[in-house]
Every structure is written in C-alpha cells, then in structure tokens.
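Undergrad: Here it is: the structure, laid out below.
The values are calculated or read from the model by the stated rules, or taken from the named source; none is laboratory data. Everything quoted here is computed from the prediction, not taken from an experiment. Neighbour counts are summed over all protein chains in view; Cβ atoms, including those assigned to glycine, are modelled from backbone coordinates with ideal geometry. Quick note on the areas: whole protein, heavy atoms, side chains included, nothing else; ligands and nucleic acids left out. Shrake-Rupley method; radii C 1.70, N 1.55, O 1.52, S 1.80 Å.
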Amino acid sequence: MSENEPKKRGFFSRLFGLEQEEPKPAPESEAETPVTAPDLASEAAPEPEPEAPLAPEVLMGEAAPLPFAPPEPEPEPEPPAPAPLQVAQPKRSWWRRLTEGLSRTSSALATGISDLFTKRKLDADTLEDLEDILIQADLGIATSARIAKAVGEGRYDKQIEPEEVKTILAREVESILTPVAIPLAIDATKKPFVILMVGVNGSGKTTTIGKLAAKFRAEGKSVMLAAGDTFRAAAIEQLKVWGQRTGAEVVSGQQGADAAGLAFEALQKAKADGTDILLIDTAGRLQNKTGLMDELAKVVRVIRKLDPEAPHVALLVLDATVGQNAISQVEAFQETAGVTGLVMTKLDGTARGGILVALAAKFGLPVHFIGVGESVDDLEPFSARDFARAVAGLGEAA
Ligand SMILES: Nc1nc2c(ncn2[C@@H]2O[C@H](COP(=O)(O)OP(=O)(O)OP(=O)(O)O)[C@@H](O)[C@H]2O)c(=O)[nH]1
Ligand SMILES: [Mg+2]
C-alpha cells in the first residue's frame, strides 16, 4: 500500500481494530526476541494519559507496517469487506466528526435561540438576550453585537423562526472566519521547512505534532521531530511514540537539556539530511511566566543562527476550553515567538467554540487547523463555512 492513501489506511486500521493492540511485556531476552517497531511503540506509550492511547490511525509510517493477518475485526463497521463508500467520502466523515465535536457549542446556542425566538415577536429585549447567549458562547462582545444587529435588521415586531436566526448566525460567523481560514502552505524550497509549536501546558502541542507528522508523511514528505520539551522525560517519550508510528525521525536529548541547543542540533541534522519538514516541540509554558517565555525566545534566536528565516511557521496551539484566556495567550506568544498562525484543539470538549470567532475578529491571524478529538483523524484544515454551519447547528453546506 502506498503512502498516499491515508484515509484507506485509517479505515483499515479501524476495521481491523489495530488500536486494540495490547502493550506487550518487555521480552525476557533481547537476543532471542528481535524487537519490532510495534513493540517499541507500545513499550514507549506515554505516561500521562493512559486512558487516551495515541491514535491508531497514525499507523501509516514504515515504522509500523500493517500486518496482513488482522486480529478479530471490531463489530463496527458492519461489512467484513472494505466499504468503499466510507473511503470515498472522507469529507462526510470529517463533517460528522466536526458536528459531533462542536455539538456542545451548537446545542447551547440552539437551545438559547429556540427558547428566545419560539412564538415571540422580535424586539430590543429579545436582541439583548440573544447578544448575551452569544457572549456566553465566547463569540466576543463586538461580534455578538454585530450578529444581533443583523438578526434585527428589518424584523422588528415580526416573528422570526429559530432556524432563520441560525442561518443569519452562520452567515455572519462565516464572513468573520473566511479571511483567517488559510491553509498551512509548506514552501518546498526551504529544506527543512521549520515549524515551531508553542502554547501553554496541555494545549495539545505534542498531539498536534503527531497528527501533522502523520499528514505530511502521508503526502510522502520526510519529517523530523525535535523533542524540544526537555523538562519531562514523559514528553520526550510521547514524541518518540509519534515518531515511530508516523515514520518520522526524532531528535531528542537528555531530560533537563537546553531546549535551544536541542532545537539547534535538530535543525543542523535536518539540513544535513535534506529533510522536508522539521517540527519542533516545546514545553508548555504559561504566558505570564517571563523566565519561561524568555527561554522560548532563545529557541527562536538560536535556530536563526542556522537559518535566518526559521522558524518558517510558528504555530500557537490553543485549547478551546480555556475560553477568553486564549486572547492573552495570543498576545504573549505573538510577542515572544512571532506566532504566524493558530491551531485550535479540543473544540469537542467545550461549549465555548465561539472563542475562535472572537480571536479571528480581534487578531486576524490565520487559523490553519482545528482539532475535535484525540485521534489523528480529528485534525483538519480549517474551513470557515463548515465551522460556521456546525456552530450554528445547520446541515452540511451543499
Ligand atoms: N478532546 C481532545 N483532546 C485533545 C485534543 N488535542 C489534544 N488532546 C488531548 O489533550 C491532552 C494534552 O495534549 P498534549 O499534546 O500532550 O499537550 P501539550 O500541549 O503537548 O502539553 P504539554 O507538553 O504538557 O505542554 C492529551 O490527552 C491529548 O490527547 C483535541 O482536539 N480534543
Ligand atoms: Mg507536549
């Protein structure tokens, strides 16, 4: 199977339940039992989140070849033979994940809107209440006022159906998001193309690196991962697992090593090897801890000694569940690390998905990807229309 069939592989691995692979105990004697890549991957399973094993669908690199003696198939999906429909319609399955992921946001809005507009004429009070509902969903004061105004236009003292309100909401949100829905462009003339991942603790940096590595590998690109989170041994191990699963080389040092030095070393190696993409992981840090933020600035300064344009992209990974705090995170990381774009994760875990709209209106920074779950399939390029319709609880755009 060639590398550019990620959906198929994802489907096969789901079909054959490869994610159920149990961690194996370490072999008694290494001389007798050759260590295979899957063994390594399961031994190095990350410590902190045992209940959320790393996504199986990442099994697309040469480090983890698909076995062709599949274990017991899972009950879902039904037919034992591959169902071409699912493979042929990746967009639909993403739409389903997106709407499921954003269901907390959309159902909070839908309930509020239908309570407000069912069998009631539109007046100033209703619009004020609508504004409050939108602010609670973190859309921001300015955006909420703009949407309420759009709903009110020409409709005073008339009855308006909740569905019509949702349609206006989707239209306004889409128009705010369209300018920031910019795909991540990889400049192939930069070798390596350096992507620095930054963000506060637990926002999803390392997981997003794994998901991106899987995408790039599936496109046939060579990928190197730099374990720049040198604070915790578990962080280095977590990245190594993604490296093994995606077939990306991992450059790591000892726990406690200098993060800037490690990033420098990785860039040097990636340059020498002619690697296409270098993804640099960094330790999570709160935006108000100046010492740690200075250290991040040092990582940027040091890699620029090797490539004055690096990092070509600095991605700020934001956890949607933090709501309004995301605003001060953008401000601080923009100043320290020259953030060029955003990835928003955990939109599935919150009713505050509206924060993405507030950020777009305030900063206008490109939003490259959004994450709606822990699996590798749960990160997708950001689409303004899809997001707006999913937030408003409308169906998929025709
Ligand atoms: N529900 C959900 N969980 C996610 C998503 N992205 C990441 N996670 C989970 O969030 C937790 C933290 O993710 P990490 O990738 O380790 O976060 P990090 O930013 O590298 O964390 P530090 O290295 O501690 O700063 C893990 O359990 C991930 O599986 C997402 O889009 N949705
Ligand atoms: Mg991490």
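Undergrad: Cα-based count: Lys pairs in segment 236-341 below 17 Å, eight or more positions apart or different chains? If you can, show how the numbers build up before the last one.
TA: Working: 240/269; 269/305; 271/305; 289/298.
The number of close lysine pairs in segment 236-341 is 4.
Undergrad: Per residue, how much accessible surface does segment 193-345 expose to a 1.4 Å probe? Answer in Å², no decimals.
TA: Numbers: 5080 Å² over 153 residues.
Per-residue accessible area for segment 193-345 comes out at 33 Å².
Undergrad: If you roll a 1.4 Å probe over segment 240-339 with all protein chains in place, what percent of the accessible area is carbon or sulfur? Can you show the working numbers first?
TA: Working: 1830 of 3980 Å².
Within segment 240-339, the accessible surface is 46 percent carbon and sulfur.
Undergrad: Would you calculate the separation in nanometres between label points at residue 219 and residue 232, each defined as 7 Å from the Cα along the Cα-to-beta-carbon direction?
TA: Here the modelled spin labels are 3.0 nm apart.
Undergrad: If amide H atoms are built 1.01 Å from N in the plane of the peptide, which residues on other chains or at least 5 residues away come under 5 Å of the amide H of residue 251?
TA: Amide H to amide H, under 5 Å and 5 or more residues apart or across chains, residue 251 pairs with 225, 226, 227.
Undergrad: Could I ask something else about it? Quick check: Cα centre of segment 336-374 to Cα centre of segment 184-218, how many Å?
TA: Spelled out, the Cα-based centre of one part sits 15 Å from the other.
Undergrad: From the phi angles alone, apply the Karplus equation (6.51, -1.76, 1.60; θ = phi - 60°) to segment 261-277 and give each ³J(HN,Hα) in whole Hz, x where the residue is Gly or Pro.
TA: x, 5, 5, 4, 4, 5, 5, 4, 5, 4, 5, 5, 7, x, 5, 6, 9
Undergrad: Can you give me the convex hull volume of the Cα atoms of segment 94-180, divided per residue and expressed in Å³? Walk me through the intermediate numbers first.
TA: Numbers: hull volume 8.4 nm³, N = 87.
In segment 94-180, the Cα convex hull volume per residue is 96 Å³.
Undergrad: Along the Cα→Cβ direction, 7 angstrom out, place labels at residue 286 and residue 362. What is the inter-label distance in nm?
TA: 1.8 nm
Undergrad: I would also like to ask the following. Going by amide H atoms built from the backbone, whose H comes under 5 Å of the H on residue 194, apart from near neighbours?
TA: Result for residue 194 returns 278, 312, 313.
Undergrad: Oh, and also: How high is the FRET efficiency from residue 325 to residue 164, r the C-beta distance, R0 25 Å, rounded to 0.05?
TA: Working: r = 33 Å, r/R0 = 1.34.
My answer for the efficiency is 0.15.
Undergrad: Sticking with this one: Could you check the simple spin-label distance between residue 100 and residue 190, using points 7 Å along Cα→Cβ, in nm with one decimal?
TA: 3.5 nm
Undergrad: For segment 256-398, what are the per-bin percents of Cα-Cα distances with bins 10 Å wide, up to the bin holding the maximum?
TA: Using 10 Å bins, I get a P(r) of 10, 36, 32, 17, 4, 0 for segment 256-398.
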